[in-house]
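Novice: Dropping the structure in here first, questions after.
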Amino acid sequence: MPVNLGKQQGWPCRNFYSRNNGPPFVAIVSKGEPLFSLDYVSLVFDKIKAPSKEILVFNLPCHLIFNEYVNEVLDPIADKIREYADRQTIFSLLQPPCC
């Protein structure tokens, strides 16, 4: 049974994750991941229930991409965060606050 994180006590906005325009669930993975193959990660990712989800795959040969390849992953991830922030700004202008 999926967990609705937006309804847990202490969250400032109960409907945050229930709206289709909320932030996506993002998995950041490496193609050369020695611990979890891309096939396995894809199977797990497909089972995640979220209104919006995305998988970012880097063609890197390691598990700790943020430690070993920070220069290669930082800019693409920053670009994605900017994209999500721009999308949220547009949606927040179109809808009243949820809290």
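Taken together, the values in this text are just the output of simple stated rules run on the coordinates, not laboratory data. Because the structure is predicted, anything quoted here is derived from the model rather than measured. We place every Cβ from the backbone using ideal geometry, glycine too, and count neighbours over all the protein chains shown.
Novice: So if I place +1 on the C-beta of Lys and Arg and -1 on the C-beta of Asp and Glu, and nothing else carries charge, what would the dipole magnitude of region 21-94 be about its Cα centre? I want it in debye, nearest 20. Mind dumping the intermediate values first?
Specialist: On the way: 7 positive and 10 negative charges, 66 e Å.
Here region 21-94 has a charge dipole of around 320 debye.
Novice: Whole-Hz Karplus ³J(HN,Hα) for region 44-52, in order, using 6.51 cos²θ - 1.76 cosθ + 1.60 and θ = phi - 60°, x for Gly and Pro?
Specialist: Coupling constants for region 44-52: 5, 4, 4, 7, 6, 9, 8, x, 9 Hz.
Novice: Taking 0.36 nm per residue of sequence separation and subtracting the Cα-Cα distance, how much length would be gained by fully extending the chain between Phe66 and Lys49, in nm to one decimal?
Specialist: 3.5 nm
Novice: Here's another thing I want to ask about it. Using Cα-only point scatterers and the Debye equation, what is log10 of I(q)/I(0) for region 21-94 at each q in 0.14, 0.22 Å⁻¹, rounded to two decimals?
Specialist: Each listed q maps to, in turn, -0.52, -1.02.
Novice: If I model a spin label at Leu74 and Asp86 as a point 7 Å from the Cα along the Cα→Cβ vector, what separation in nanometres do I get?
Specialist: The two pseudo-label positions are separated by 2.2 nm.
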